[in-house]
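All remarks here apply to the structure that follows.
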Amino acid sequence: MLDTKLSRRGFIKASAATAALASAGTAGFNQWSNNYVKAGGKAEIKEIASTCNACSSKCGMIGHIKNGRLWKLTGHPDHPYSKGKLCARGHGYATVVYSEDRLTQPLKRVGEGKFEPITWEKAYEEIAAKLNKIIKEFGPQSVALTEDPRATGKFYSPRFINALGSANYYTHHVVCSNARDAGFLHTVGVTATSADISNAKYIMFIGRSYGDGIRPSSVQSLATAKDNGAKIVIVDPRLNNTGNLATEWLAIRPGTDLALVLAMSHVLIKESLHDLEFIRNYTMGFEEYAKELRKYTPEWAEGITGIPADSITRIAVDMGKAKPKALIEQSWRGAFGCNYENSTETGRAVAMFNALLGNYQQKGGSIFGGKVNLGKLDEKKYPNPGEPDEPQAGSKQFPLAYKGSGVATIVAKEALEGKMKAAIYYHSNAALGYGNPKVMKEALSKMDLVVAIDVQMSETALLAHYVLPEVTYIERDEVIEGLSGKIPGIALRQQMVEKVHPQTKPVHEIYTELARACGVGQYFNFTLDDLNEAMLAPTGITYKELKEKGTIMFPDQEITLGEMPELKTPSGKIEYYSETYKAAGFKPIVEWIEPKVSPANDSFRLITGKQAIHSHTQTANIPILMQITKDYDLERIWINPARAKVLGIKDGDLVEVKSSEAVSKIRVKVTERIHPEAIFVPSHYGITSKDLKTGYGIGFGYMEHVPFDFEKWSGSGNIHEVIVNVRKVKS
């Protein structure tokens, strides 16, 4: 059992304190410095409220602008995710606006890895001609668009692809939360709940780390819970950075989280610690579920998970006694986010376990957040393209997948089969991060047209026929973002500085202009301001007021705890028995599913996860963040001392990691903080684009070792179903 002596203040300081924003030494910086000197060292400082783009949290921030240049950032005090703080990646990623490696003009590929400049008008003309030719010859279903969605993209991207007549809109969630989303969606009617962490008495995290995937308010809430005496249990093959606040770490065998949750559910029912009144009022199918659980005893789970049966029983009983202020946190890209063949069922089992505790919409429990009622464009004035005739590619193969995310790697699969002919990637490095890079490269090479809209020359951009340079998030206005929670709100990302490179454009302009070139401009006959004004109309908030404040919360719309909302499941209740699963050809009752592969005595399961200073490979080309990696050797793989000793490996040794797909060389970190059956590698490295000079060649890409595969429930990538051998090599 772990015992931390780190205080709440100390932990927040260590995990969420903000470093000064360093600027890259570019010509732009030198010019700014000269202007500052000419002004006598004095400059007016403007404060502009906006939101961060360093990860998917989009925390509120305030940019401090001197002489028209970004000087520093602070956390927005009113935004529920930042609460006045920004993490290291939030500060570091802002420097991308002044990066020497930025794309500065549209490019057309003229050979293998060779590009030449092209005007925007000519790029639009050629892209539109090719898209229309492909659609005429093969149909609109042969065209797809994939993005890592941000506020503007979430509106414009699906609208653009639908305007072309295609339903093929996808997001990065295929390697993020697809499995969790499907499990929750078909159990409680939403892809994820939130958690009232600060008021909880017992919190279990499965593969989830607030100390690594930092949202400052989450760290603060967990610290508050700790100060109030909450029990905090980490279930993870790796002791992650949330360990500073944990009371117990369960070093579970990788891929067996489902067995643990089933066994704890068994204990709750056996010991009559489940909330019968909640179950009677708000669930269906409980009797069939309870019958299935009888065989999943703690003793059974011990043999699978490696966690003692006594520990499983003790924790389940303690959580039952603490209900409804006890929960398994909903996770994200954690153990039941996207990793294993059984991850959708794990997500489903977690949603059901929380229902056994009766913690939904309860103080200290799982929360269905409220949302602000935002308006829409007047369709008489601004026509909507509507739903395409053909369904989204992959929806028939994976009917349980959340349609709003889809299965992005189906684009590559269909390209290899000759069905997908064109793909647009926005803010998405699919070639490196969505599936095995060799397979993705082959798939993209099969298509007649690939367009990348990005800020830097990513691996995906290198494989594109056309590269369209976007401004950074520091240089653009965006669509209003709704904030869901106990108190709902709205936030606005807005331009802080003038464009650094004149030939770059914000994505809403790119989509609007490309739509006109494609002959579907009637669906984009509005401005960004028109859209935001329409969204604000029902709120009573003016656009000017939102621009001044950046974040506005609506305390008068706070949800009432203790009152269950109407659930969007077929039955209107939490479903222990799912007719949707049954109709899709799966068992309607959750059951134990084995991981797809398992290591032998001489091999390991390769697992990945976050570090607090990086967001996957998105931040790998940021000098001030990558310098931290270099200073502390953070690209190393983790190996348990017992296994290292057998292999003759010492801390810092160079080793070879070999899977069925690739061979990599890397140095090791020998540590007790990793399960003996696992090798941990952080997911932020392995950049192969030489145009990204800071990140290039550091560490190895985790996805290189992942077979191109689909989990059969949600279609997510089985990125932890990887077995490797490790051996020491000479430096």
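With respect to Ala662, is the statement that it is surrounded by 21 or more Cβ atoms within 10 Å (Cβ to Cβ), more than 22 Å from the chain's Cα centre (by Cα) and touching a residue at least 12 places away in the same chain (Cβ under 8 Å) true? No, not satisfied. Here the range 291-308 is the region considered, the condition is being surrounded by 17 or more Cβ atoms within 10 Å (Cβ to Cβ) and without any contact (Cβ under 8 Å) to a residue 40 or more places away in the chain, and the residue that is nearest to Arg253 (Cα to Cα) is Glu302. For the range 436-460, residues that are in contact with a Phe, Trp or Tyr (Cβ under 8 Å, 6 or more places away or on another chain) and within 23 Å of Lys693 (Cβ to Cβ) total 5. On the given criteria, is Asn532 surrounded by fewer than 17 Cβ atoms within 10 Å (Cβ to Cβ), farther than 21 Å from Phe368 by Cα and polar (S, T, N, Q)? Considered against the rule, which asks whether it is surrounded by fewer than 17 Cβ atoms within 10 Å (Cβ to Cβ), farther than 21 Å from Phe368 by Cα and polar (S, T, N, Q), Asn532 comes out as no. Considered as a group, the residues in the range 127-143 that are assigned to a helix (DSSP H, G or I) and either among the polar types (S, T, N, Q) or touching a strand residue (DSSP E or B) at 6+ places or on another chain (Cβ under 7 Å) (or both) include one that is surrounded by the fewest Cβ atoms within 10 Å (Cβ to Cβ), and that residue is Asn132. Hey, any hits in the range 435-443 for a residue that's acidic (Asp, Glu) and either assigned to a strand (DSSP E or B) or crowded, with 24+ Cβ neighbours inside 10 Å (or both)? No, the conditions are met nowhere in the range 435-443. Screening the range 559-593 for residues that are over 25 Å from the mean Cα position of the chain (by Cα) and of a type in the set (D, E, K, R) and picking the one that is farthest from Val726 (Cα to Cα) gives Glu563. Within the range 445-461, take every residue that is over 23 Å from the mean Cα position of the chain (by Cα) and in a helix (DSSP H, G or I) and give me the one that is nearest to Gln618 (Cα to Cα). Going through the qualifying residues, I end up with Ser445. Would you point out the residue of the range 172-192, among those that are surrounded by fewer than 23 Cβ atoms within 10 Å (Cβ to Cβ) and under 24 Å from Ala225 (Cβ atoms), that is farthest from the chain's Cα centre (by Cα)? Among those that are surrounded by fewer than 23 Cβ atoms within 10 Å (Cβ to Cβ) and under 24 Å from Ala225 (Cβ atoms), it is Val190. When we screen Leu606, Leu567 for residues that are touching a Lys or Arg at 6+ places or on another chain (Cβ under 9 Å) and either on the phi < 0 side of the Ramachandran plot or part of a loop (DSSP other than H, G, I, E, B) (or both), the only hit is Leu567. The condition (being exposed (fewer than 15 other Cβ atoms within 10 Å of the Cβ) and either aromatic (Phe, Trp, Tyr) or within 23 Å of Glu575 (Cβ to Cβ) (or both)) is satisfied by just one residue among Lys371, Lys376, Lys396: Lys396. Restricting attention to the range 607-659, the residues that are of a type in the set (Phe, Trp, Tyr) and over 22 Å from Gly207 (Cα atoms) add up to 1.
Would you mention how many residues in the range 620-645 are assigned to a helix (DSSP H, G or I) and of a type in the set (Phe, Trp, Tyr)? Here the count works out to 1. Taken together, Glu656, Glu594 contain a single residue that is touching a strand residue (DSSP E or B) at 6+ places or on another chain (Cβ under 7 Å), surrounded by fewer than 16 Cβ atoms within 10 Å (Cβ to Cβ) and acidic (Asp, Glu), which is Glu656. Residues that are touching a Pro at 6+ places or on another chain (Cβ under 9 Å), surrounded by fewer than 21 Cβ atoms within 10 Å (Cβ to Cβ), under 24 Å from Thr472 (Cα atoms) and in contact (Cβ under 8 Å) with a residue 60 or more places away in the chain do occur in the range 152-159.
In the range 273-290, the qualifying residues are those that are in a helix (DSSP H, G or I) and hydrophobic (A, V, I, L, M, F, W, C), and the one that is farthest from Thr580 (Cα to Cα) is Leu276. You will find that of Gly585, Gly562, the residue that is free of Cβ contacts under 8 Å to residues at least 12 places away in the same chain and either of a type in the set (Lys, Arg) or part of a loop (DSSP other than H, G, I, E, B) (or both) is Gly585 and no other. Could you check the range 689-709 and list, in sequence order, the residues that are among the small types (Gly, Ala, Ser) and closer than 17 Å to Lys441 by Cβ? Across the range 689-709, the qualifying residues are Ser689, Gly701. Here the condition is being buried (at least 24 other Cβ atoms within 10 Å of the Cβ) and either modelled with pLDDT of 95 or more or closer than 30 Å to Asn601 by Cα (or both); of Leu276, Leu262, Leu239, it holds for Leu262 alone. Would you confirm whether any residue within the range 161-171 is among the aromatic types (Phe, Trp, Tyr), buried (at least 23 other Cβ atoms within 10 Å of the Cβ) and not in a helix (DSSP H, G or I)? Within the range 161-171, one or more residues are among the aromatic types (Phe, Trp, Tyr), buried (at least 23 other Cβ atoms within 10 Å of the Cβ) and not in a helix (DSSP H, G or I). Reported count of residues in the range 487-509, each being of a type in the set (A, V, I, L, M) and over 19 Å from Pro77 (Cα atoms), is 3.
If you check Leu250, Leu262, Leu245, which single one turns out to be closer than 20 Å to Ile574 by Cα and of a type outside the set (Asp, Glu)?
Leu262
Looking across Pro488, Pro469, one residue alone is within 27 Å of Leu528 (Cβ to Cβ) and crowded, with 23+ Cβ neighbours inside 10 Å. It is Pro469.
Within the range 291-347, the residues that satisfy the criterion of being more than 24 Å from Cys55 (Cα to Cα) and in a loop (DSSP other than H, G, I, E, B) are Arg294, Lys295, Tyr296, Thr297, Gly306, Ile307, Pro308, Lys323, Pro324, Lys325, Glu341, Asn342. Within the range 94-112, can one find any residue that is assigned to a strand (DSSP E or B) and either surrounded by fewer than 17 Cβ atoms within 10 Å (Cβ to Cβ) or of a type in the set (Phe, Trp, Tyr) (or both)? Scanning the range 94-112, I find at least one residue that is assigned to a strand (DSSP E or B) and either surrounded by fewer than 17 Cβ atoms within 10 Å (Cβ to Cβ) or of a type in the set (Phe, Trp, Tyr) (or both), so the answer is yes. Residues in the range 688-720 that are outside any loop (DSSP other than H, G, I, E, B) and either within 19 Å of the chain's Cα centre (by Cα) or aromatic (Phe, Trp, Tyr) (or both): Tyr696, Tyr702, Met703.
In the range 197-215, is there at least one residue being touching a Pro at 6+ places or on another chain (Cβ under 6 Å), farther than 27 Å from Ile574 by Cβ, surrounded by 24 or more Cβ atoms within 10 Å (Cβ to Cβ) and of a type outside the set (D, E, K, R)?
no
The values are calculated or read from the model by the stated rules, or taken from the named source; none is laboratory data. Nothing here was measured: the structure is a model prediction, and the numbers come from that model. As a convention, Cβ positions derive from the backbone with ideal geometry for all residues, glycine included, and neighbour counts pool all protein chains shown.
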